[in-house]
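Trainee: One structure follows; several queries about it will come next.
The values are calculated or read from the model by the stated rules, or taken from the named source; none is laboratory data. Source: prediction; values computed, not measured. Here the Cβ positions follow ideal geometry from the backbone for every residue, glycine too, while neighbour counts run over all protein chains shown. Only protein heavy atoms, including side chains, enter the accessible area calculation; ligands, DNA and RNA are left aside. Shrake-Rupley method; radii C 1.70, N 1.55, O 1.52, S 1.80 Å.
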Amino acid sequence: MTFEFTERLRALPPYLFKELDWVRDEVRAKGMDIIDLGVGDPDRPTPAHIIAALETAAGDQVNHKYPTYSGMNAFLDTVVRWYQRRHGVALNGARQVCSLIGSKEGIANFPLAFVNPGDVVLVPEPGYPVYNSGTLFAGGRPYFLPLLAKNGFRPDFKAVSEDIMARAKIIWVNYPNNPTGASADLNFYGELVEWAKKWQIIVASDAAYSEISWSDKPHPSLLEVPGALEVAVEFHSLSKTYNMTGWRLGWAAGNETLIQGLGLIKSNIDSGVFQAVQMAGIAALEGNQAPVWAMGRLYRERREVLAKGLEAAGLEIFPSEATFYVWVRLPAGLKSVDFASRLMHEAGIVVIPGNGFGPSGEGYVRFALVQEVPRLREAASRLAKLKF
Ligand SMILES: *Cc1c(COP(=O)(O)O)cnc(C)c1O
């Protein structure tokens, strides 16, 4: 028997880094001490009070049933209060919020509700790969918006042609940004909303890193823009904020029809989030936020430690006050993959080549600050011995 993958699976971009995986395995087999700054997964544990809330809720039989599709009222209310407190935005929990099994799930499913085959979706690159794959699974056509250093890694959406805009349904944005660490301000969001209204397209904002910041000003939400609820939906995650990547909890909030469409898709695919996990999410969002601020300060310190080594190696860093990524520009002519391979061979440091996030990431690499300071100090000293 031979089975063939569907066209939608075959349409996915190829995995670019098989050779790098071999290099890593080879270096590891040699017994070299590897410092893995590759994956974007926080290294620290979930705060104890959140774990305790899960333990209590898991023992309660009320939570052993199917949850409601869109989320427990208590969780939706918590999100409403969070938006009010954090952003001064008023939402209706029943109509404008939906729980997600991690925000990746929502991001991947959302186009199924609003993209017909052949419709265009504006996708930033370099970027999180799921905007692209979700579009392809819905039969849509991704139109890539390059994020360039000269624009502060923000898309020049106004430059998209009328021809493309006539077929566009969604624009994705992601700030604070993975992989570049760039932030957005209300001015940017305001222009985006105004432009989206003119073209009648949906603004979908991925805010997974909104709380990973050590700037004086907290990162704004797209929904703070007056009138944003007419065109926008925002995807949130507890994963990065509370070191809860394995727990699978997030939410979507915004325009009622957009939430309704996403909910209809989801009710045919999944059956909601385990209530005990939602209870833990409530504890996270309503509880003491000191651990979140402490993580922000820690990422800042880690960044400074690593930056010393990068600078000593003659590499240029994009300045950032958010996320746990360091986006590094390589000297002209040096390819991302070649650099990553050399770094692994000569320093035992694992990073992600920038072109893995899209063609405009070529000539960059991403370091994730997911090791403790002493390990990063070791990484910095190994880097400082290299010259590029
Ligand atoms: C980690 C990440 C997510 C997804 O997180 P979940 O664990 O699925 O909530 C979404 N967007 C970006 C840019 C991320 O880096």
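Trainee: Which entries of Lys30/Lys335; Lys30/Lys308; Lys18/Lys335; Lys308/Lys385; Lys104/Lys158; Lys158/Lys198 show an alpha-carbon separation above 23 angstrom in the structure shown?
Mentor: On the way: Lys30/Lys335 25 Å; Lys30/Lys308 28 Å; Lys18/Lys335 16 Å; Lys308/Lys385 12 Å; Lys104/Lys158 27 Å; Lys158/Lys198 11 Å.
Checking Cα-Cα distances, Lys30/Lys335; Lys30/Lys308; Lys104/Lys158 exceed 23 Å.
Trainee: Here is a follow-up. Kindly point out which whole DSSP H helices in the chain project their C-alpha atoms 27 angstrom or further along the helix axis while averaging a Kyte-Doolittle hydropathy of -1.0 or above.
Mentor: Details: long enough: 290-312 (34 Å, -0.35).
Flagged H segments are 290-312.
Trainee: Here's another thing I want to ask about it. Per residue, what volume in Å³ does the convex hull of the Cα atoms of segment 181-312 enclose?
Mentor: Numbers: hull volume 19.8 nm³, N = 132.
Output value, Cα hull per residue: 150 Å³.
Trainee: In Å², what does the accessible area per residue of segment 48-286 work out to with a 1.4 Å probe? Before the final figure, lay out the partial values.
Mentor: Working: 9440 Å² over 239 residues.
Here the per-residue accessible area is 39 Å².
Trainee: So if each residue of separation counts as 0.36 nm, and I subtract the Cα-Cα distance between Glu26 and Ala94, what length gain in nm does that give? Don't skip to the end; give the middle numbers.
Mentor: Working: separation 68, 0.36 × 68 = 24.48 nm, distance 5.27 nm.
Fully extending the segment from Glu26 to Ala94 adds 19.2 nm.
Trainee: To the nearest 20 debye, what charge dipole does segment 227-377 have about its Cα centre, counting +1 at the Cβ of each Lys and Arg and -1 at the Cβ of each Asp and Glu? Let's see the in-between values first.
Mentor: On the way: 14 positive and 14 negative charges, 97 e Å.
Dipole about the Cα centre, nearest 20: 460 debye.
Trainee: Turning to a different aspect of this structure: Tell me which of Ser267, His87, Met279 sits at the most positive position along the dipole axis of segment 48-286, charges placed on C-beta atoms (Lys, Arg +1; Asp, Glu -1).
Mentor: Highest projection toward the positive end goes to Ser267.
Trainee: Going by average Cβ density within 10 Å per residue, which order do the peptides 150-157, 203-210, 59-66 take, highest to lowest?
Mentor: Numbers: 150-157: 16.6, 203-210: 25.5, 59-66: 10.1.
Descending packing order for the listed peptides: 203-210, 150-157, 59-66.
Trainee: Calculate the all-directions average of the projected area of segment 29-96's alpha-carbon convex hull, and give it in nm². Each step should come with its number before you reach the end.
Mentor: On the way: hull surface 35.0 nm².
Computed as one quarter of the Cα hull surface, the answer is 8.7 nm².
Trainee: Express in whole angstrom the spacing between the alpha-carbon centres of segment 2-29 and segment 236-277.
Mentor: Their Cα centres are 29 Å away from one another.
Trainee: Another question, if that's okay. Would you mind counting up the charge near Glu378? Only other residues with Cβ under 13 Å from its Cβ, with Lys and Arg at +1 and Asp and Glu at -1. Before the final figure, lay out each step's value.
Mentor: Values: positive: Arg302, Lys308, Arg375, Arg377, Arg382, Lys385; negative: Asp33, Asp36, Glu372.
Net charge in that neighbourhood comes out at +3.
Trainee: Which of Ser271, Ser213, Ser336 moves most in a GNM of the chain, Cα contacts under 10 Å?
Mentor: Most flexible of the set in this elastic network: Ser271.
Trainee: Based on alpha-carbon positions alone, could you give the equivalent ellipsoid semi-axes of segment 237-357 from the gyration tensor, as √(5λ), descending, whole Å?
Mentor: Ellipsoid half-lengths, sorted descending, are 37, 20, 13 Å.
Trainee: Okay, next question. Using the Kirkwood formula on the Cα atoms of the chain, what hydrodynamic radius do you get, in angstrom to one decimal? Walk me through the numbers on the way to the answer.
Mentor: Values: mean 1/r = 0.0459 Å⁻¹.
One decimal place: 21.8 Å for the Kirkwood radius.
Trainee: Let me ask another. Put +1 on the Cβ of each Lys and Arg and -1 on the Cβ of each Asp and Glu in the chain; which of Leu258, Gly358, Ala159 then has its Cα farthest toward the positive end of the dipole?
Mentor: Going by the charge dipole, the pick is Gly358.
Trainee: Return the percentage of antiparallel bridges among DSSP beta bridges fully within the chain, rounded to the nearest 5 %. Mind showing how you got there, number by number?
Mentor: Values: 19 of 39 bridges.
Expressed as a percentage, antiparallel bridges in the chain total about 50.
Trainee: Need one number for segment 31-158: average projected area of the convex hull over its C-alpha atoms, nm². Show your work: numbers first, answer last.
Mentor: Numbers: hull surface 55.0 nm².
Computing the convex hull of the Cα atoms and averaging its projections yields 13.7 nm².
Trainee: State the percentage of accessible surface on the chain attributable to carbon and sulfur atoms; use a 1.4 Å probe and exclude ligands, DNA and RNA. Each step should come with its number before you reach the end.
Mentor: Values: 9370 of 17360 Å².
Carbon and sulfur together cover 54 percent of it.
Trainee: Run the helix sum for the chain: -39,500 (n - 2.57) per DSSP H stretch of 4+ residues, divided by residue count, reported at 222 nm to the nearest 500 deg cm²/dmol.
Mentor: Working: 14 runs with 157 residues, N = 388.
Calculated at 222 nm, the ellipticity per residue is -12500 deg cm²/dmol.
Trainee: So, one more: How big is the dipole moment of segment 48-286 about its Cα centre under a simple scheme where the beta carbon of each Lys and Arg is +1, that of each Asp and Glu is -1, and everything else is neutral? Debye, nearest 20, please.
Mentor: Numbers: 18 positive and 21 negative charges, 32 e Å.
Here the size comes out at about 160 debye.
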